[in-house]
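Note sheet for the following structure.
Just so you know, all these numbers are worked out from the coordinates, no wet-lab data involved. Computed from a predicted structure; not experimentally measured. So basically every Cβ, Gly included, is an ideal-geometry build from the backbone, and we count neighbours across all protein chains shown.
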Amino acid sequence: MTFLRKNPCRVGLLIVFGGILLLMQPSAARAQTGTFTAAGKIVGILAETKMLPGDKQGHEVTMVRRMDSITYSDPLFGSGQASVLSVSDYVTGSGPHHGYFSIRHPSGDSTFTSYEGAGKAVPKPGGPPDVTFEGKWQFTGGTGQFEGITGGGTYKGGVTTGGPTYQFEGQYTLKR
């Protein structure tokens, strides 16, 4: 301490170098991160095209454009309206799918995601099959406060008497 009191110029240099070191911190240190869970439900089908390749019984390739309602656990995202484009390649209700979400949040800003996974239909005697699906998703961009968002997570869901519902969880990083 006496060294610093005897040499006030060095105190100033230490402050300047300390500030430079803070500015040199990786941008991740200045980023906002978080985790969330969310639940989604299909609100309406806007367009649907089914194609039958004809190679095997029950093989359907389907493209769907729909609107979903999503509720997040993190207030930053709030509840949102999603425009979804989904493509599935199912044989008797099971197989891979992938797609894209554009979600408008209450702030007016949007997030964009892509996803891929698989669906599975298990026949039941005397009734419709049990249908489940799961996969992974990732942020591909955003607008406004979500510009530059990164992260992703997993999803799972199924078809119930009220229609298909799903849950997803994930993590995000926002540049600040």
| request: Give me the distance in nm between label points sitting 7 Å out from Cα along the Cα-to-Cβ direction at LYS41 and LYS175, one decimal. | output: 3.8 nm
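Mind jotting down a quarter of the surface of the convex hull over the alpha carbons of the range 118-174, in square nanometres, one decimal? Mind showing how you got there, number by number?
Numbers: hull surface 19.3 nm².
Mean shadow area of the hull around the Cα atoms is 4.8 nm².
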| said: Let me spell out the model: positive unit charges on the Cβ of Lys and Arg, negative unit charges on the Cβ of Asp and Glu, origin at the Cα centre of the range 35-174. What dipole size does that give, in debye rounded to 20? | reply: 280 debye
| query | Bin by bin, in steps of 5 Å, what percent of the Cα pairs in the range 35-174 do you find, going until the bin that has the longest distance? | reply | 2, 10, 17, 24, 19, 12, 8, 5, 2, 1, 0
| remark: Expected unfolding gain across LEU52-PHE112 under the 0.36 nm per residue rule, minus the alpha-carbon gap, is 18.6 nm
| query | Under the definition of Cα pairs under 8 Å and six or more residues apart, what whole-number percent is the relative contact order of the range 35-174? | reply | 20 percent
